[in-house]
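The values are calculated or read from the model by the stated rules, or taken from the named source; none is laboratory data. None of the values given here were measured: they were computed from a predicted structure. Here Cβ is always computed from backbone atoms with ideal geometry, including for glycine, and neighbour counts include all displayed protein chains.
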Amino acid sequence: MIKGSRILITGGTGSLGYELTRQLCEHNEVVVYSRNEERQYEMQQQFKNKAVEFRIGDVKDRYTLEMAFTGCDIGIHAAAMKDLIMCEEQPTQCYLNNVEGSRSFIKAARNSSIKKAVGVSTDKAANPSSVYGASKYIMEKLFAEADQYSKTVFCSVRFGNMIDSRGSLITIWKENPDQEIKLTHKEVCRFFFSVYDGAQTVIQALELANGGDLLIKKMKKAKILDILKIITKRENIKVMGLFPGEKIYEDLVSENELSCCFEEDDYYRIRQGQINPNPPAMFNTRNAEAFTEDELTKLIYPE
Ligand SMILES: NC(=O)c1ccc[n+]([C@@H]2O[C@H](COP(=O)([O-])OP(=O)(O)OC[C@H]3O[C@@H](n4cnc5c(N)ncnc54)[C@H](OP(=O)(O)O)[C@@H]3O)[C@@H](O)[C@H]2O)c1
């Protein structure tokens, strides 16, 4: 566990950023960086008397970001536009936020002599089929490239869905299980864990990842249909067809990444430019371990 650092979190008011702040502020100073004043105000009320500072700013605004980085040792880049459909429909905004925003973060971290910076990525970046996934794939590459030309250690971490994150369909379905719910495809299968685990994974990546590494968390899978059955207690769910850019199966490690991929107990590690003569198999929702019904119920409805 990192202790005694000053850590800036972009997207600090988001689901992941909030949980990271909660876990990190006991032993560190945290700077929450995001745009919306109201969300910062609400969060400020919950972190009174804690070592948490709030800075309004856009990640694309390098000047403001550099000022916020003053005195920081560590940067966590969690800010992103992440709605799959909005990113498909407004690729310019997705590009500006997730690609240009990441470049701006990298430049500001370098200029501020940050010791270590981690970019938070998604399984949708593996073999991307969507604008969102492609933007995050580029972010991972930008972090790996930056590491080669900087004293700051740059790395990334990739994982699947945080089941209880804000705006996730599952969170919305749980709030109103009696509404009419349509599934895009009966076979759609995803990786899941909790926001708590998401934050733990980012913190572990800060400790475990070397410069240029992409750390990929091993996760369990579940069919969305099985989640819906648990939430709605219904057997018959209407099917409407896949969204543009949506996959039936999700990869965490894709085929084109295998040659530089090294398997560890809980993670895969992609080492840029280092060939593994005995690469692991692909890791995706076809071959990953599935949650049992009991495990899935506990994940959806934690005690
Ligand atoms: N949720 C998941 O299941 C999941 C899975 C894998 C990876 N991830 C990744 O984890 C990260 C966090 O996800 P999340 O679910 O916590 O997202 P979230 O709840 O939507 O939060 C996003 C955060 O980013 C901030 N933000 C967005 N654009 C910004 C900009 N241009 N400048 C500054 N701040 C900006 C938002 O605040 P303002 O709008 O106020 O600026 C908010 O604080 C993202 O990078 C996402 O791709 C998420």
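Numbers at a glance
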item: Residue match in the stretch 187-197 (condition: more than 10 Å from the ligand (Cβ to nearest atom), at pLDDT 95 or above, farther than 29 Å from I230 by Cβ and in a strand (DSSP E or B)); result: no
item: Neighbours by Cβ (under 7 Å, 6+ apart or cross-chain): first from the stretch 75-98, free of Cβ contacts under 8 Å to residues at least 40 places away in the same chain and farther than 22 Å from V32 by Cα; second buried (at least 17 other Cβ atoms within 10 Å of the Cβ) and basic (K, R); result: none
item: Residue list for the stretch 71-83, filter: touching a helix residue (DSSP H, G or I) at 6+ places or on another chain (Cβ under 9 Å) and either surrounded by fewer than 17 Cβ atoms within 10 Å (Cβ to Cβ) or among the polar types (S, T, N, Q) (or both); result: D83
item: Flag for N127 being under 17 Å from the mean Cα position of the chain (by Cα), away from the ligand (no atom under 13 Å from the Cβ) and surrounded by fewer than 23 Cβ atoms within 10 Å (Cβ to Cβ); result: yes
item: Residues that are assigned to a loop (DSSP other than H, G, I, E, B) and not aliphatic (A, V, I, L, M), drawn from the stretch 211-228; result: G211, G212, K218
item: Selection count where residues are surrounded by fewer than 16 Cβ atoms within 10 Å (Cβ to Cβ), in contact (Cβ under 8 Å) with a residue 24 or more places away in the chain and either among the polar types (S, T, N, Q) or in contact with an Asp or Glu (Cβ under 6 Å, 6 or more places away or on another chain) (or both), scope the stretch 254-270; result: 1
item: Single residue of the stretch 118-140 satisfying the filter (among the aliphatic types (A, V, I, L, M) and not in a helix (DSSP H, G or I)) that is farthest from S254 (Cα to Cα); result: V118
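For (1) more than 11 Å from the ligand (Cβ to nearest atom); (2) among the small types (G, A, S); (3) modelled with pLDDT of 95 or more, each residue gets a yes or a no:
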| position | (1), (2), (3) |
| --- | --- |
| G11 | no, yes, yes |
| S15 | no, yes, yes |
| Q23 | yes, no, yes |
| N36 | no, no, yes |
| K50 | yes, no, no |
| H77 | no, no, yes |
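The rows are residues; the columns are (1) over 20 Å from Q200 (Cα atoms); (2) of a type in the set (F, W, Y); (3) without any contact (Cβ under 8 Å) to a residue 60 or more places away in the chain.
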| position | (1), (2), (3) |
| --- | --- |
| T21 | no, no, yes |
| Y33 | no, yes, yes |
| N36 | yes, no, yes |
| F54 | yes, yes, yes |
